[in-house]
There are 2 protein chains.
Amino acid sequence: MPPTPARVVAVGTHDIRFPTSRELDGSDAMNPDPDYSAAYVVLRTDAPDGTEGHGFAFTIGRGNDVQVAAIDALRGHVVGRSLDELCADPGSLSRDLVGDSQLRWLGPEKGVMHMAIGAVVNAAWDLAARRAGRPLWQLLAEADPEWLVDQVDFRYLTDALTPGEALELLRRGREGAGERAAALRARGFPAYTTSPGWLGYSDEKLTRLAVEAVAGGFRHIKLKVGADPAEDLRRLRAARAAVGPHIRISVDANQRWDVDEAIVRTKALGEFEPYWIEEPTSPDDILGHAAVRRAVAPVKVATGEHVHNRVVFKQLLQAGSIDIAQIDAARVGGVNENLAVLLLAAKFGVPVCPHAGGVGLCELVQHLSMFDFVALSGTTDDRVIEYVDHLHDHFTEPVVIRDGHYTAPTAPGFSAAMRPESVAEFTYPGGAFWTADLARRNAGNRKERAV
Amino acid sequence: MPPTPARVVAVGTHDIRFPTSRELDGSDAMNPDPDYSAAYVVLRTDAPDGTEGHGFAFTIGRGNDVQVAAIDALRGHVVGRSLDELCADPGSLSRDLVGDSQLRWLGPEKGVMHMAIGAVVNAAWDLAARRAGRPLWQLLAEADPEWLVDQVDFRYLTDALTPGEALELLRRGREGAGERAAALRARGFPAYTTSPGWLGYSDEKLTRLAVEAVAGGFRHIKLKVGADPAEDLRRLRAARAAVGPHIRISVDANQRWDVDEAIVRTKALGEFEPYWIEEPTSPDDILGHAAVRRAVAPVKVATGEHVHNRVVFKQLLQAGSIDIAQIDAARVGGVNENLAVLLLAAKFGVPVCPHAGGVGLCELVQHLSMFDFVALSGTTDDRVIEYVDHLHDHFTEPVVIRDGHYTAPTAPGFSAAMRPESVAEFTYPGGAFWTADLARRNAGNRKERAV
């Protein structure tokens, strides 16, 4: 009797929350007090070597339980799948999840349910790359172009990009891929850093961190804007004075403005030459972004971290709304949908500069940019991956930044696995950190009542 | 001591599912087997008269538990609110829910979390209308225009509609409102019916139901299309033959097509003069809808039941993507956001023809159209509310259709309360129906194993 083929036997889910709001790390004009969180999913298998697949949705605190519930709702589509089939065609899982007609109603292809699909699909890719013994970027960069095209759902895209055009882009992308992979391994992929620019930081801290960033090799930093106009000016002036004229400084309004306000507020910062204005208004406002872009040039317009699927990215490109496409690894439906977005951006000639930070977003998205460089766009010109130096030590294979560049991962997988100790400590509400926190707060309340 | 003011003391949530997939009621090209469901919410109060507020999100089966979890996540914003304050300004609740910065990350303003907000906000309006002793349409139609403008969140809208313009529209809408309210009470609001046209129905059933609909006073019916092209033609031909040339027949593709395909497929139906093509492609595709509309005239383009917020409606209107705006009572963030959409449609002169059917959507949305007629657009020309004759008997105040018109509700509230017996029977999985169903299926499995 041949041995039973290995299967996915369980989908473990974990509500992980980090108390980042206490340091104002991650504070911006829209999100004053995020507790960076992950709805973390582990695909457990009965493979003899114990291979697992890891993925997560990123949230900023409340509602992370809802995100976990959404992942739980997908369990029936995953448990029982053959590992060989899943790893040979992660797109089959993606299609089944996106195609569940009853669950589709909850989006369609947006919000909590779509982020849940993204987490599970990314976990399948982590599993596939681990089994293949390759980091995901390399698996993708070495994959057959026909196979990659089959991984993409072209529904709603064909007026902008056909499978034939995608195949052509991927075939052209393979020319010189070996040299670019070597260059990537030698130098890494350029990063920019948002670490200096959180809205809750003092000018002193901002300036100090900006100078440190440049000393550390970064040629591009980003500041949060969008609260008080005078404060925006003051902070940008301080940053420009600290880093000089040759470092790119981008600004990020985190959706704070209406269209007309975005134009006025961006133009008011022109004196300090911001490189891009990010999320000037609603991420749903394709026409609004186009209007802002027409008005604020030469400042570039960037958006994407909250763009919920490939259909909106398609239109942002069709309407000329953006100079820079900011994919997020955990907002859309996972690697398969991000392949669609990378192909769309390549077709329209728009650079992809991923959103990262949060919990583990740097770990994931580096793979997508590295694939894009090696085997699709073929360049790192004007391409940078966001970097924020938070929470990396909770991952088993944290990103490595050297001289302002992401180092190419060598470990098999999607760099998505969290350390078991971190999962145990920051599981909400039962983990050690939150249990102790509750006890501290209860003690505080008792003391207050006693006074 | 003055009496303690009444407050919301609990938010009850219920996962209610009806086994509609067994009759192919509600089957369309995208949703072959929906189990119409409601994530039902009851705001309980300590008011001496026991007043409650009722609302729900509509789903089609799997994932209704995720929708309930999302409503549960809002509880902290609701419990403890003063009834007087909540009913005097439901917009304050709407603003607090939409403005929760951590929960906002899960959308923003889209998908599961936004539908949860819609359910809770609608429950608050139900409560407000019950306390005011008026059906919601009347409460809105008699409200002070300034107060209505304050109920609207204009964020991201001001490039298309300012508060000042909205006020002007509402003031103009009040002229002659008394006469229109009387006309509404006398004649009702025109309906169209989708009951004949589900994709799973035979031609015989389709024809019979279409003839019955016309005999019952409907002047407008709708068929589902989007599966096999020859079948679309055959069904539309049969329906046109059955009802003659003077009855409007619209067709609904439920998002099945890419843009180019939508154009070809719609034009292919032209011979039978469909009135509108509904959801020809992705609800997110503003530019795609505009391309379809340019190509298929004189067939009109209608969409909206899956349009997730006011920002997308704004753009559909700005881009000339639609001839008809199909609001849904339970997709966006509740009455407040639908007021924004009604005002946008009025500004752009586009008729609003609400999506309904499902569970209780007819009950809710009639109030919005009746307000629109009495105190905003001022006309029922080319305005119709969808009607489907399913599941109304589960509501305490079901819609009343007479001669193809929705009768104006007279009972206080938003017609959103379900019968307690229905809640008990169809609660999933513990209600009487589902418990018995599980027992039946287990017995069937045992029998199969025994064979």
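Some points to look at:
- Looking at A:Ala432, A:Ala416, just one residue is among the aliphatic types (A, V, I, L, M), within 30 Å of A:Gly118 (Cα to Cα) and in contact with a strand residue (DSSP E or B) (Cβ under 6 Å, 6 or more places away or on another chain), and that residue is A:Ala416.
- When B:Ser21, B:Ser82 are checked against the criterion of being away from every other protein chain (no Cβ under 14 Å) and of a type in the set (S, T, N, Q), a single residue qualifies: B:Ser82.
- When A:Gly197 is tested against the conditions (1) modelled with pLDDT under 95; (2) away from chain B (no Cβ under 14 Å); (3) under 26 Å from A:Phe56 (Cβ atoms); (4) surrounded by fewer than 24 Cβ atoms within 10 Å (Cβ to Cβ), the lone failure is (4).
- Among residues of the range A:273-306 being of a type in the set (A, V, I, L, M, F, W, C) and more than 11 Å from chain B (Cβ to nearest Cβ), the one that is surrounded by the fewest Cβ atoms within 10 Å (Cβ to Cβ) is A:Ala297.
- The number of residues in the range B:326-351 that are over 12 Å from the mean Cα position of the chain (by Cα) and either of a type in the set (Val, Ile, Thr) or not assigned by TED's automatic domain parsing to the domain that holds B:Pro283 (or both) comes to 2.
- Residue identified as of a type in the set (Asp, Glu) and either under 17 Å from the mean Cα position of the chain (by Cα) or in a loop (DSSP other than H, G, I, E, B) (or both) among A:Asp15, A:Asp33: A:Asp33
Condition check ((1) free of Cβ contacts under 8 Å to residues at least 12 places away in the same chain; (2) within 29 Å of A:Tyr387 (Cβ to Cβ); (3) within 14 Å of another protein chain (Cβ to nearest Cβ)) across all residues:
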| site | (1), (2), (3) |
| --- | --- |
| A:Asp153 | no, no, yes |
| A:Arg180 | no, yes, no |
| A:Val211 | no, yes, no |
| A:Ala227 | no, yes, yes |
| A:Glu231 | yes, yes, no |
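- Among residues of the range A:85-120, those that are within 12 Å of chain B (Cβ to nearest Cβ) and polar (S, T, N, Q), counted: 2
- From the options A:Val264, A:Val259, residue that is within 14 Å of chain B (Cβ to nearest Cβ) and exposed (fewer than 15 other Cβ atoms within 10 Å of the Cβ): A:Val264
- When A:Gly188, A:Gly216, A:Gly244, A:Gly178 are checked against the criterion of being surrounded by fewer than 21 Cβ atoms within 10 Å (Cβ to Cβ) and under 23 Å from A:His355 (Cβ atoms), a single residue qualifies: A:Gly216.
- Qualifying residue in the range A:303-316 (condition: closer than 17 Å to A:Glu278 by Cβ, outside any loop (DSSP other than H, G, I, E, B), touching a strand residue (DSSP E or B) at 6+ places or on another chain (Cβ under 8 Å) and not hydrophobic (A, V, I, L, M, F, W, C)): yes
- Matching entry among B:Ala408, B:Ala417 (being under 28 Å from B:Leu43 (Cα atoms), out of contact with any helix residue (DSSP H, G or I) (no Cβ under 7 Å at 6 or more places or on another chain) and either outside the structural domain of B:Gly176 (by TED's automatic domain parsing) or of a type outside the set (Lys, Arg) (or both)): B:Ala417
- Unique residue being at positive phi and more than 12 Å from chain A (Cβ to nearest Cβ) when the list is B:Gly320, B:Gly334, B:Gly270: B:Gly334
- Test: residue in the range B:58-76 that is touching a strand residue (DSSP E or B) at 6+ places or on another chain (Cβ under 7 Å), closer than 30 Å to B:Gly378 by Cβ, aromatic (Phe, Trp, Tyr) and within 14 Å of chain A (Cβ to nearest Cβ): yes
- Residues of the range B:70-101 classified as surrounded by 21 or more Cβ atoms within 10 Å (Cβ to Cβ) and without any contact (Cβ under 8 Å) to a residue 40 or more places away in the chain, total: 1
- Residue within the range B:152-166 that is surrounded by 21 or more Cβ atoms within 10 Å (Cβ to Cβ), under 23 Å from B:Ala132 (Cβ atoms) and of a type in the set (A, V, I, L, M, F, W, C) present: yes
- Hits in the range B:36-57 - residues which are more than 14 Å from chain A (Cβ to nearest Cβ), assigned to a strand (DSSP E or B) and hydroxyl-bearing (Ser, Thr, Tyr): B:Tyr40, B:Thr45
- Positions within the range B:236-248 being farther than 13 Å from B:Glu271 by Cα and of a type in the set (Lys, Arg), in sequence order: B:Arg248
- Every condition in (1) under 19 Å from B:Val42 (Cα atoms); (2) within 13 Å of another protein chain (Cβ to nearest Cβ) holds for B:Leu127 except the one numbered (2).
Each row is one residue, and each column tells you yes or no for (1) among the hydroxyl-bearing types (Ser, Thr, Tyr); (2) under 19 Å from the mean Cα position of the chain (by Cα).
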site: A:Thr20; (1), (2): yes, yes
site: A:Ala29; (1), (2): no, no
site: A:Thr51; (1), (2): yes, no
site: A:Asp84; (1), (2): no, no
site: A:Ala88; (1), (2): no, no
site: A:Gly111; (1), (2): no, yes
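- Test: A:Ala129 is within 26 Å of A:Glu397 (Cα to Cα), surrounded by 23 or more Cβ atoms within 10 Å (Cβ to Cβ) and of a type in the set (A, V, I, L, M, F, W, C): yes
- Hey, B:Asp252 within 30 Å of A:Leu106 (Cβ to Cβ), away from chain A (no Cβ under 14 Å) and in contact (Cβ under 8 Å) with a residue 40 or more places away in the chain or not: yes
The rows are residues; the columns are (1) over 18 Å from the mean Cα position of the chain (by Cα); (2) modelled with pLDDT of 95 or more.
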position	(1), (2)
A:Gly226	yes, no
A:Ala238	yes, yes
A:Val259	yes, yes
A:Arg265	yes, yes
A:Glu273	yes, yes
A:Val292	yes, yes
A:Ala297	yes, yes
A:Glu305	no, yes
A:Ile324	no, yes
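- Residues of the range A:238-288 satisfying the condition of being of a type in the set (Lys, Arg) and in a loop (DSSP other than H, G, I, E, B): A:Arg256
- Listing of helices (runs of 4 or more DSSP H) fully contained in the range B:336-451 that carry 3 or more residues being surrounded by fewer than 18 Cβ atoms within 10 Å (Cβ to Cβ): B:420-426, B:432-450
- Flag for A:Ala302 being farther than 26 Å from A:Val120 by Cβ and in contact with a Cys (Cβ under 8 Å, 6 or more places away or on another chain): yes
- Contact map, the range B:256-269: first residue under 20 Å from B:His306 (Cα atoms), second residue acidic (Asp, Glu) and part of a loop (DSSP other than H, G, I, E, B), Cβ cut-off under 6 Å, separation 6 or more or different chains; pairs are B:Val259/A:Asp159.
The values are calculated or read from the model by the stated rules, or taken from the named source; none is laboratory data. Everything numeric in this text was worked out from a predicted model, so none of it was measured. Using ideal geometry, Cβ is built from the backbone for each residue, glycine included, and neighbour counts are taken over all protein chains shown.
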